[in-house]
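First the structure, in the form of structure tokens, and then the observations on it.
The numbers here are math on the coordinates, done by the rules we state, and not lab data. Because the structure is a prediction, the values reported are computed rather than measured. Don't worry about glycine lacking a Cβ; one is built from the backbone with ideal geometry, like all the others, and counts go over all protein chains shown.
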Amino acid sequence: MKLQVTSLDNQQQGSIELADEVFGLPARPDILQRAVVWQLAKRRQGTHKTKSIGEVHGTTKKMYRQKGTGRARHGHRKANLFRGGYKAHGPVVRSHELDLPKKVRKLALKTALSAKAADGRLVVLEAATLGEAKTRELRRRVDALGWQAPLVIDGKEIDQNFGRAARNLPDVDVLVADGANVYDILRCGTLVLTRKAVQELEARLK
């Protein structure tokens with residue numbers, strides 16, 4: 001697969017040949033769904049907690065006699081229907097992390113890249129660099145290029161000026177190649193890869 005390479009000034013910088021085994025795979029919604037569920041579950045803290053009946057402070061003395069009062073039968077005030085009582089079947093501290101084989105994760109990342117390429121929402125950039133860390137300047141260039149909610153993936157490091165300028169743009173995300181993941185790729189509008197990022201991803205996924 002061959003794509004045109006552009007610059008931030010919207011100038012053509014030749015073309016690049018993309019590996020079909022990374023950017024030309026068929027659609028696999030099932031693999032993408034498994035990867036997204038695994039990724040979102042992994043980042044959950046799992047620190048939500050409510051008190052069980054053994055943790056609620058209070059007496060277990062019977063509130064009143066069983067019969068003859070005209071009221072409902074109750075044992076003690078720690079019951080879950082009273083204010084300050086315990087929570088029945090409440091959440092406990094646990095890990096939400098799931099197991100997903102490395103081969104499936106690798107296939108999901110390649111499938112996500114291929115999906116963006118098939119939709120025509122993959123752009124190859126010569127270099128993500130700016131002379132000055134000016135948010136207004138980056139905003140102007142992104143609008144001129146027609147990128148919608150772009151995710152810019154660079155090589156091993158992000159240009160300092162480019163990263164600072166992108167921090168103030170809520171719809172522009174920037175990642176290094178090692179941080180490329182299925183969820184961020186799928187939710188972005190335009191996937192922008194630099195030449196270095198293409199080399200890093202192909203070396204990582206081939």
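Considering the range 36-67, the residues that are surrounded by 12 or more Cβ atoms within 10 Å (Cβ to Cβ) and polar (S, T, N, Q) include one that is farthest from LEU100 (Cα to Cα), namely SER52. Going through (1) part of a loop (DSSP other than H, G, I, E, B); (2) loosely packed, with under 10 Cβ neighbours inside 10 Å one by one, LYS103 falls short only on (1). Here GLY131, GLY120 are screened, and the one residue that is out of contact with any Gly (no Cβ under 9 Å at 6 or more places or on another chain), of a type outside the set (A, V, I, L, M, F, W, C) and on the phi > 0 side of the Ramachandran plot is GLY120.
Put simply, of VAL123, VAL172, VAL93 the only residue that is buried (at least 17 other Cβ atoms within 10 Å of the Cβ) and over 20 Å from LEU201 (Cα atoms) is VAL172.
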